[in-house]
Each structure stands twice: as C-alpha cells, then as structure tokens.
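Nothing in this text is a laboratory measurement; each read-out follows from the coordinates by a stated rule. Keep in mind that what you see is a predicted model, and the values were worked out from it rather than measured. As a convention, Cβ positions derive from the backbone with ideal geometry for all residues, glycine included, and neighbour counts pool all protein chains shown.
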Amino acid sequence: MSGIDKIFDYLVPDEMVSRASIGARVRINLNGRRVAGWITDLAQHGSRGSHIALDRLAPLVAISGAGVEPHLVPLTQWVANEFFGSWRATLSSASAPRMREKTVHARHGTTVNVPTDEVASAAAKLLQQGGGLLVVPPVSSALNAVSALAGTGPVLVVCPTVRMAIMGAASLRRRGFTTALVPDDWENARAGVDVVIGARSAVFAPCADVSCIVVIDEHDESLHEERSPAWDAVSVAQQRAAMQNIPLILTSPVPSMKSLVTYADRTLIVPVHQPWPKVSVVDLDEVPVANSLLSTQLLQAVAVQGATTVCVLNTKGKARLIICKACRTVQSCPKCSSLLTQENGDTLLCTRCHVEHGTVCVSCGRSSFVVPRGGVSQLRTQLEASSPNPIVEVTSDSDDSWTKGSVFIGTEAVLFRISSADTVVFADIDRDLGAPRLTAQSEVLALLARAARIVGVNGTVVVQTRQPHHPLMKALASSNVNEALKTVSQAELSQRQLLRMPPFSRIVRVSVGADANINEVGLPDDVEIARDGNAYLLRSLSRESLSHAVHHLRGLFGTAVRVHADPDRY
C-alpha cells in the first residue's frame, strides 16, 4: 500500500518470509520510485483468485519493521470506511512509533492497591454487565474505576489529553500497577503490563491479553481526530471492543448525547454524597452597575489573600450579547435560544435559524439596545484594583510556571492550563450558552465539569448569567445537581430527536473549494444540505446515503473534497 492509498500485490522473497507479517511496514518499488507501505494481507499466490502471473509480481524491497498490530489492521480499514478517509492515514496513526522492535518481557504488579470506594464498586458492577457508561462525578477520580478493572486483567485506557495520561500512569504506578504510557512504551504494552494508557491514538495501541477498554471523559472534544479521516476514539474503541469481544466502559461526569442513547440500558451513576462542588449562579441583572461583570461573588473571590482564582471570559465567535436597555433581557431566538446578532443595520437576526426578528426587543418591544464590549484585558484592569493577589492574564504565549494565590484570567483555554484553584468564575456564561449551535449546551456542561474538577469538593464554581431561569442554570443551582442535569440532558435528547439531529441522524461537514456549489449537485433525496461558513453540512438518517453522497462529490470534485464526519459542533 503506497502514499496514493491503493492496494498492490507484491511478492515476498524467500529471505523475508520469516519477517513478513500483516501490519508490518515495508519498502516497495512503484513506478520507478521507492515508497513506503504496509502489508495488509498475506496469501499464497493464486489462493484468492489473483490472475497476476507470478513472474509479473515485483518483490518487496525491504521489510522496514514494526507497523500496525496484525489483529488491528481490519480495525484501521473500518475507520477509513466509517469516517470517509484514507486507509493509509489511519494505518499511519495506528503504527508503532519506532520500526525497530525491542525484546521486552511482560511485567505485572504483585502488590497492588485496589480501591473499594463507590467508583470502583460501580465499575466492577458495570463490568459484570458487559460494559457501558459510568457517570463519575467531577469531584471523584475515574482512575479508581481503572484500578478496580485492572485488578481483574490488563486494561487499555484512552484519555483526552497527553497530560492526563501522564498523570494517570504515575498515579497507577504508585498504587502498585505496572503501566505502559504509549506511544513511548509501545514495546512494554505489546509484551504485557497491567495498564496501557495514552491519549487519543492509544485506542490503536497493543495491549497483551487485554480484558477491558476504558475511555475517560468520553464527552471531551480532544478525543476527536481533526485530520482526515476525522475519527473519534469512542467510536473506534466501541468497534475494537466488539472485534475482540471484550467489555468497553466509558466514563464521564457529563455524558455525550450519543453515549446516553447508545447505553440507555447500561448506564450507572456513581452514588456519592457530594458529586459536585458548590455551584453559585449569579444573576448579572442584579449587579448595581449596569452591564458590569463585577458581581459581589467575583469581587469576594479575587479579594481572598493567598487564594487561587480562575476567571473565564470568552469573547470570540458570533455570539455577541445584545441587551435591551429597558428590560435588560438578552436578545435570544425564541425558537432555538441562540443569541441574536444585529445585521443590516438594526435588524435582529438568528444566525442559526436564519430568521429575522425585527428591530425591537423580543421581550418588551422596546427598540433601544446595549452591546457589552468588555473583554479579558478590560476585566483584568478592573480586577487589579480589587485584589491583593497578582493578576495574570493567560494567553497562548504564557508559560506554565504558575504561582498559587494568583488570579488567572483568560478564555476557556485557561481551564486547560491551571490544574487546581479555590474558585473558578465564569464571568459571562451567556456568551457560550447562547452560541448559534445546537451543541452549545453540551459545550458549556463540559467546561463546567472541568471547572468542578479543578476546584474539587471544597472549592466553588461561580456562574454569572443574565438568564438565571435557563434550565441548565436552574439545574446547577438545585440541591441534587446530578439528577437535575439528567433531566436537562433528557430534554435535549427529546429536542434532538424531534429535529432529527445526532445521535438520531448522522452529519458530515464537507468543503469542496471556493467556487463549488453542491446545492446544484444531485445528491440522494434523503440527504439534506445546509451552509456552514465556507463548508456544507450534510445530514441523513442513513449512513449509506451519506456515504453515497460523499463518494459522488469526490467523483465530481476529486481531491478538492474535504470530509469531516460527525463534527463536534454544529
């Protein structure tokens, strides 16, 4: 198989037979050039209906070394087909980081510390049921589930980030388990350890005698590959578990809509006394200074000397806040709840529904509005006069040498840079909650779960909003956050089913170049088309129809077509 993503037949010379195996990387001569490829199948000449004469088969030039695990080659082909991408690219993602193999012996822990808390007990129960979805509160550790499962056999663990995988491996080693952090410890993973752990691509890693696959934080967008084919680790883990006939356990504090549907009859919520830290919902309309973000709770948080506070304020995107001067209502679409923007002068427009709502307030009918323009830098300036702690604005250029007792301000990226804090404040959650996407609520939930994990059981999450009666805000302010969030998720599922949106249908994002217009192309009748910036969204209840549409577009536009299957945000 070469860089042009095709399958070719080659002859394995006698001297290479002992080293030739499915998945191995090789060198071949192709049209006068020496190129790299993989062995995707081995067979005796003529045994599978090949009509190529033996003397016409070119020999392999060399076997370079280790590539994809032999039993995972069919999985890579499934990924390429399922996500409309290149098999070669998938084989590359699934290959060993080093072609030269080292001889390593299996290592297993002899004295391990297996926890017996609620998370571990729930994981053991779910394992007996054949796997499923484990709702682990953000203040609890999913590693306790991994420890309980590793006590019964080797476990493959997939994490959203490399940092989480590194910290998880270190924690498991302290408990007495042997670990292989992939891709660095690829040979150890193949030889045999208690836990093989890594980020997204670990779903293709070897794991000798694997007994279970665990995906931590299955809702996290980092588990989705952005390059083509745009596969997601949860779907690949599900397919691998099915192929190897082993259980799969997904963990998350805020499960994705897809997993809630897939595992509707195999979902366990870990019963803990306090699943979430204290969550304080602040009504910004009650702040004395109009359109100010400086609530009492925010000022108190940054004023505590020696306390670490994280302040999140997202100002990017089209979700600009437009507020009525008279009733102070945030202008949002009555149909889909997305924030309205002002286009063509003063006309209020929903960029999601593409519906105009006139020039007056959707609540009181007045025609005077205000648009808050304060961003991260302005908020930092305002807080510097109110806090004895140092104020740090976190940007992409900031290093990771943080000092405890500081106030960190930034966009949502700051939540991925700070590991612990006493308080996390979302200065204006409406900018995120009202984004013109159906997935906006799920995105906000993911941020809240990360914030809750940062502050821990003794910390506080402050959420500032002008929509305190929004179902999600009411759920966060309830006495039983887990049950309230479950109700909110069920309501969102009902809405998606009514609108025929994922997980009740499938979507692909397709770009075909600046001059192409796929609305003029004949696609299957059950494939709906919507414009999405410079790309198009194709939706259908049938995966086969989407596949036919994608192949038709590739036949018309060739390599100009770029396909992203199952986008995270839409």
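Could you tell me the relative contact order of region 43-194? Use alpha-carbon pairs under 8 Å, at least six residues apart, and round to a whole percent. Write down the numbers at each step before the final one.
On the way: 147 pairs, mean separation 37.4, N = 152.
This gives 25 percent for region 43-194.
For region 349-503, what Kirkwood radius comes out of the mean inverse Cα-Cα distance, in Å?
Details: mean 1/r = 0.0553 Å⁻¹.
It works out to 18.1 Å.
Which of the listed residues, Ile7, Thr76, Ser18, is farthest toward the dipole's positive end in region 1-94, when Lys, Arg count +1 and Asp, Glu count -1 at the beta-carbon?
Ile7
Kirkwood Rh over Cα pairs of the chain into Stokes-Einstein at 37 °C, 0.692 mPa s: D in µm²/s?
Details: Rh = 26.3 Å.
In µm²/s, the coefficient is 125.
If I fit a long axis through the Cα atoms of helix 73-82 and take the longest principal axis of the Cα atoms of the chain, what angle between them do I get, 0 to 90°, rounded to 10?
Tilt of helix 73-82: around 50 degrees.
Which of the trypsin sites (Lys or Arg not before Pro) across region 93-150 are loop residues per DSSP, with 16 or fewer other Cβ within 10 Å?
In loop regions of region 93-150 (DSSP not H, G, I, E or B), the sparsely surrounded trypsin sites (Lys or Arg not before Pro) are Arg98, Arg100, Lys102, Arg107.
Compute the signed sum of charges (Lys and Arg +1, Asp and Glu -1) over the other residues within less than 13 Å, Cβ to Cβ, of Ser363. Provide the component values of the computation, followed by the final result.
Values: positive: Lys325, Arg328, Arg366, Arg466; negative: Asp285.
It works out to a net charge of +3.
Treat the count of other C-beta atoms within 10 Å as a stand-in for reagent exposure and order Ser147, Ser47, Ser386 from fewest to most.
Details: Ser147 26, Ser47 7, Ser386 15.
Ordered from fewest to most neighbouring Cβ atoms within 10 Å, Ser147, Ser47, Ser386 come out as Ser47, Ser386, Ser147.
Across the chain, how many lysine pairs, 8 or more positions apart or on different chains, have C-alpha atoms separated by under 27 Å? Please give the number.
19
Using the 10 angstrom Cβ neighbour count as an exposure proxy, how do Phe177, Phe504 rank, fewest first? Working shown, then result.
On the way: Phe177 24, Phe504 15.
Listed from fewest to most nearby Cβ atoms, that is Phe504, Phe177.
For the chain, give the magnitude of the charge dipole about the Cα centre (Cβ charges: +1 Lys/Arg, -1 Asp/Glu; no others), in debye to the nearest 20.
On the way: 54 positive and 52 negative charges, 53 e Å.
My answer is approximately 260 debye.
Taking only DSSP H segments of four or more residues, each worth -39500 (n - 2.57), what value at 222 nm results for the chain once the sum is divided by all its residues, to the nearest 500 deg cm²/dmol? Before the final figure, lay out each step's value.
Values: 15 runs with 150 residues, N = 570.
Value at 222 nm, helices only: -7500 deg cm²/dmol.
Write out the trypsin sites (Lys or Arg not before Pro) in region 419-505 meeting two conditions: DSSP loop, and at most 11 other Cβ atoms within 10 Å of their Cβ.
On the way: sites: Arg431, Arg437, Arg450, Arg453, Arg466, Lys474, Lys486, Arg496, Arg500; in loops: Arg437, Arg466, Arg500.
Of the trypsin sites (Lys or Arg not before Pro), not one in the loops of region 419-505 has a Cβ with at most 11 other Cβ atoms within 10 Å.
Beta carbons within 10 angstrom, averaged per residue: use that to sort the peptides 441-447, 487-493, 213-219, highest first.
Working: 441-447: 21.3, 487-493: 16.6, 213-219: 26.4.
So the order, starting with the most tightly packed, is 213-219, 441-447, 487-493.
Where a ≥ b ≥ c are the square roots of the eigenvalues of the C-alpha gyration tensor, would you call region 23-77 rounded, which needs a/c under 1.5, or, failing that, prolate if a/b is larger than b/c, or oblate? If you can, show how the numbers build up before the last one.
Numbers: a/c = 2.33, a/b = 1.17, b/c = 1.99.
Oblate is the answer for region 23-77, as a/c is 1.5 or above yet b/c matches or exceeds a/b.
Under the classification rounded if a/c is under 1.5, otherwise prolate if a/b is larger than b/c and oblate if not, where does region 153-290 fall, given a ≥ b ≥ c as square roots of the Cα gyration tensor eigenvalues? Please list the in-between numbers first.
Numbers: a/c = 1.94, a/b = 1.76, b/c = 1.10.
Here region 153-290 falls in the prolate category.
Which order do Arg366, Arg200 fall in if you start with the one that has the fewest other Cβ atoms within 10 Å?
Values: Arg366 13, Arg200 23.
Result, fewest neighbours first: Arg366, Arg200.
For the chain, calculate the relative contact order in percent as a whole number, restricting contacts to Cα pairs under 8 Å that are 6 or more residues apart.
Working: 1125 pairs, mean separation 68.0, N = 570.
Relative contact order for the chain comes out at 12 percent.
Could you compute the net charge surrounding Ile166? Neighbours are other residues with a C-beta less than 12 Å from the C-beta of Ile166; K and R count +1, D and E count -1. Intermediate results must be reported in sequence, preceding the final value.
On the way: positive: Arg163, Arg173; negative: Asp184, Asp185.
Its environment carries a net charge of 0.
Could you state the angle between the C-alpha long axis of helix 440-455 and the longest principal axis of the C-alpha atoms of the chain, as a value from 0 to 90 degrees rounded to the nearest 10?
With both axes taken from Cα atoms, the answer is about 90 degrees.
So how strong a dipole does region 14-93 carry about its Cα centre when Lys and Arg Cβ are +1 and Asp and Glu Cβ are -1, to the nearest 20 debye?
Dipole magnitude for region 14-93 comes out near 280 debye.
So between Asp265 and Thr395, what do we pick up on full extension, going 0.36 nm a residue minus the alpha carbon distance?
Working: separation 130, 0.36 × 130 = 46.80 nm, distance 4.32 nm.
That works out to 42.5 nm of additional length.
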